[in-house]
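The values are calculated or read from the model by the stated rules, or taken from the named source; none is laboratory data. Because the structure is a prediction, the values reported are computed rather than measured. Here Cβ is always computed from backbone atoms with ideal geometry, including for glycine, and neighbour counts include all displayed protein chains.
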Amino acid sequence: MDAQSELNAKIARIVRTYQSNILRLAYAYVRNTQDAEDIAQEVFLAFMKAAPAFTNAEHEKAYLLRATINRCKNHFKSGWIKNRRPMPETMRYEAPEASSMLHYVLALEEKYRMPLHLYYYEGYSIKEIAKIMGEKSATIGTRLARARETLKTRIGGIENV
């Protein structure tokens with residue numbers, strides 16, 4: 001197998017393995033399906049161009065999640081996003097009662113939403129999240145606790161969801 005075939009096989013494996021993780025994280029960050037798909041595509045294209053080598057799968061996944069967070073931040077800095085208006089509520093095609101818990105999670109501030117996503121959806125520990133986000137472990141632990149408390153207050157307990 002030549003070098004190009006090996007690279008193509010590696011990229012195909014990475015996309016299959018991590019596409020749902022990248023899409024979920026991007027969606028949790030930007031709260032828009034189309035933008036999340038664009039960001040995921042950009043992350044995989046950048047990965048393909050850089051073709052970094054990793055010692056294990058955890059480093060690979062952490063690299064992709066960090067790249068996704070960075071792309072999401074860049075997304076909000078673009079002039080297109082700054083001048084875009086949201087779609088009117090009357091034009092939405094999602095049922096209002098669909099995924100009420102997701103609605104509450106997405107309503108959280110970014111600094112609470114990202115650790116919550118990485119902890120519960122991606123299965124990272126507080127220490128790993130701190131490394132990915134470039135924060136202290138105590139900060140991430142506090143943000144998780146505050147996110148849980150905010151959700152508990154807004155929802156009124158798990159029995160109401």
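In table form, for the structure just shown:
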| quantity | calculated |
| --- | --- |
| Residue in the range 108-118 that is under 23 Å from L64 (Cβ atoms), without any contact (Cβ under 8 Å) to a residue 12 or more places away in the chain, surrounded by 15 or more Cβ atoms within 10 Å (Cβ to Cβ) and not assigned by TED's automatic domain parsing to the domain that holds I69 present | no |
| Qualifying positions in the range 21-33 - farther than 15 Å from A57 by Cβ and part of a helix (DSSP H, G or I) | L23, R24, L25, A26, Y27, A28, Y29, V30, T33 |
| Residue in the range 40-50 that is within 10 Å of the chain's Cα centre (by Cα) and at pLDDT 90 or above present | yes |
| Top-ranked residue in the range 11-38 [being under 10 Å from the mean Cα position of the chain (by Cα) and of a type in the set (V, I, T); ranked as modelled with the highest pLDDT] | I22 |
| Hits in the range 75-128 - residues which are part of a loop (DSSP other than H, G, I, E, B), of a type in the set (D, E, K, R) and modelled with pLDDT of 75 or more | E109, E122 |
| Qualifying residues in the range 51-74 (those that are surrounded by 15 or more Cβ atoms within 10 Å (Cβ to Cβ) and of a type in the set (G, A, S)) - the one modelled with the lowest pLDDT | A62 |
| Lone qualifier among A40, A36 - being surrounded by 18 or more Cβ atoms within 10 Å (Cβ to Cβ), free of Cβ contacts under 8 Å to residues at least 24 places away in the same chain and either outside any helix (DSSP H, G or I) or touching a helix residue (DSSP H, G or I) at 6+ places or on another chain (Cβ under 7 Å) (or both) | A36 |
